[in-house]
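Structure first, commentary second.
The values are calculated or read from the model by the stated rules, or taken from the named source; none is laboratory data. Please read these numbers as outputs of a predicted model, since none were measured by experiment. Using ideal geometry, Cβ is built from the backbone for each residue, glycine included, and neighbour counts are taken over all protein chains shown. For accessibility, only protein heavy atoms count, side chains too; no ligands or nucleic acids. Shrake-Rupley method; radii C 1.70, N 1.55, O 1.52, S 1.80 Å.
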Amino acid sequence: MADEEHPIIQLFRSYADMLDSESAPSEPDEAIVQLAIWMDSVQHWLTEDDVSALTAVGGIMFREQLRRRMLKRVK
């Protein structure tokens, strides 16, 4: 059973598959902004650990988007 995918990862995968099947544009900037707005609106409910985990995710998204922009400039 060690190869079983976590239910939340399955949820992420299903959502990504739906976006792919709909040929929906995936704009990381919009996702980053939505995460920031949501975090700001619920910050009074979030624990320090919640903020830390969500900030790590947002930071990774931000870094990857910046990397993509730089690669586009080089090409």
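Worth a mention:
- For the chain, with all protein chains in place and a probe radius of 1.4 Å, 61% of the accessible heavy-atom surface sits on carbon or sulfur.
- Model label points for Met70 and Arg13, set 7 angstrom from Cα along the Cα-to-Cβ axis, are 3.1 nm apart.
- Solvent exposure of the chain as accessible area per residue, Å², 1.4 Å probe: 90
- Size of the chain: Rg and Dmax of its alpha carbons, in Å, are 15.3, 44.
- Membrane-span-like helices of the chain, defined as complete DSSP H segments with a Cα extent of 18 Å or more along the helix axis and a mean Kyte hydropathy of at least 0.0, are identified as 7-21, 28-41.
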